[in-house]
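**Q** This is the structure I have questions about; it appears just below.
The values are calculated or read from the model by the stated rules, or taken from the named source; none is laboratory data. Note that this is a predicted model, so its numbers are computed, not measured. Cβ sites come from the backbone with ideal geometry, for glycine too, and all protein chains shown count toward neighbours. Areas reflect the complete protein model, heavy atoms only, side chains present, ligands, DNA and RNA absent. Shrake-Rupley method; radii C 1.70, N 1.55, O 1.52, S 1.80 Å.
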Amino acid sequence: MLLQYLAVFFISMVPLIELRGAIPIAAAWGLMPTDKPLQLIFTYLLCIVGNMIPVPFIYLFARKILEWGQDKKFIGKFFSFCLKKGSKAGQTLQQKAGHGLFVALLLFVGIPLPGTGAWTGSLGASLLDMNFKETVFSVMAGVILAGLIMMLASFGVISIFKFS
């Protein structure tokens, strides 16, 4: 059982999968039974912590790595494209969201769709030069929201997909 908890913890760190994949896996393995609330809460918190560990590193180093690589021979064009596209998108989002950037980031991370997780949100915040504390709190609130949605979906309380 310890190996399953460790697997769920590390799965929640993987980009694109993150907590959105770790919670259904935990539910499928029986790590989150509804009749044992301590296991449910423990696994949920484990997924949140696993998903949040990469956030400060992504925020602090993503832009620096992209700037470092933009003049390199093989990766330069791609890194320059990422910086330009990210900055342009960030400016557009900032103009539209204004002071609501915190809430926009929270909702972006919190809605469990492919490519809208903590990794992408942290990278976007880094390119926008958002405040570090604000970014971490916004991403954490989004991760908590996404976790709740995925937990409710995993137990069939809400239905994400209708197959009829």
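**Q** Stretch Lys73-Ile111 to full length: gain in nm at 0.36 nm per residue minus the Cα-Cα span?
**A** On the way: separation 38, 0.36 × 38 = 13.68 nm, distance 3.72 nm.
Here the segment from Lys73 to Ile111 would lengthen by 10.0 nm.
**Q** Further question: Given the pairs Lys96/Lys133; Lys64/Lys133; Lys64/Lys96; Lys85/Lys133; Lys72/Lys133, which span a C-alpha to C-alpha distance of over 30 angstrom in this model? Intermediate values should be presented prior to the final figure.
**A** Working: Lys96/Lys133 22 Å; Lys64/Lys133 19 Å; Lys64/Lys96 26 Å; Lys85/Lys133 24 Å; Lys72/Lys133 32 Å.
Those over the limit are Lys72/Lys133.
**Q** Rounded to the nearest percent, how much of the accessible area of region 7-164 (1.4 Å probe, protein heavy atoms only) is carbon and sulfur? All intermediate terms of the calculation are to be shown ahead of the outcome.
**A** Details: 6720 of 9320 Å².
Looking at region 7-164 in its full context, I get 72 percent from C and S.
**Q** If you don't mind, there's one more thing I want to ask. Given a 1.4 angstrom probe, what's the average accessible area per residue across the chain, in square angstrom?
**A** Numbers: 9880 Å² over 164 residues.
With the other protein chains kept in place, the chain gives 60 Å² per residue.
**Q** Right, next: To the nearest 10 square angstrom, how much accessible area does Glu134 have with a 1.4 angstrom probe?
**A** Its accessible surface works out to 80 Å², give or take rounding.
**Q** Working with all protein chains in place, sort Ser122, Ser154 by solvent-accessible area computed with a 1.4 Å probe, largest first.
**A** Values: Ser122 0, Ser154 40 Å².
Result of the area sort, largest leading: Ser154, Ser122.
**Q** Follow-up question, since we're still on this one. How far apart, in nm, are the 7 Å Cα→Cβ label points at Leu16 and Lys88?
**A** So the label points at Leu16 and Lys88 sit 2.4 nm apart.
**Q** Under the 0.36 nm per residue contour assumption, what length would be gained going from the current alpha-carbon distance of Lys96 and Thr34 to full extension?
**A** Working: separation 62, 0.36 × 62 = 22.32 nm, distance 4.14 nm.
Stretched out fully, the Lys96 to Thr34 stretch lengthens by 18.2 nm.
**Q** I need the helices of the chain that pass two filters: whole DSSP H segments spanning 30 Å or more by Cα along the axis, and mean Kyte-Doolittle score no lower than 1.6. Kindly include the intermediate steps, with their values, before the conclusion.
**A** Working: long enough: 76-97 (31 Å, -0.52); 132-154 (32 Å, 1.70).
Helix filter hits for the chain: 132-154.
**Q** What label, among (i) 1.14; (ii) 0.98; (iii) 0.94, belongs to Cα Rg over 2.2 N^0.38 Å computed from the structure on display?
**A** Step by step, Cα Rg over 2.2 N^0.38 Å for this structure corresponds to label (i).
**Q** Which of the peptides 50-57, 78-85, 102-109 is most tightly packed, and how do the rest follow, judged by the mean count of other Cβ atoms within 10 Å per residue? Display every interim value, and only then the final one.
**A** Values: 50-57: 18.4, 78-85: 14.4, 102-109: 20.0.
For the peptides 50-57, 78-85, 102-109, the packing ranking is 102-109, 50-57, 78-85.
**Q** Evaluate 2.2 N^0.38 Å with N set to the residue count of region 8-64, then give the Cα radius of gyration divided by it.
**A** Details: Rg = 12.9 Å, N = 57, 2.2 N^0.38 = 10.2 Å.
Here the Cα radius of gyration is 1.26 times the empirical estimate.
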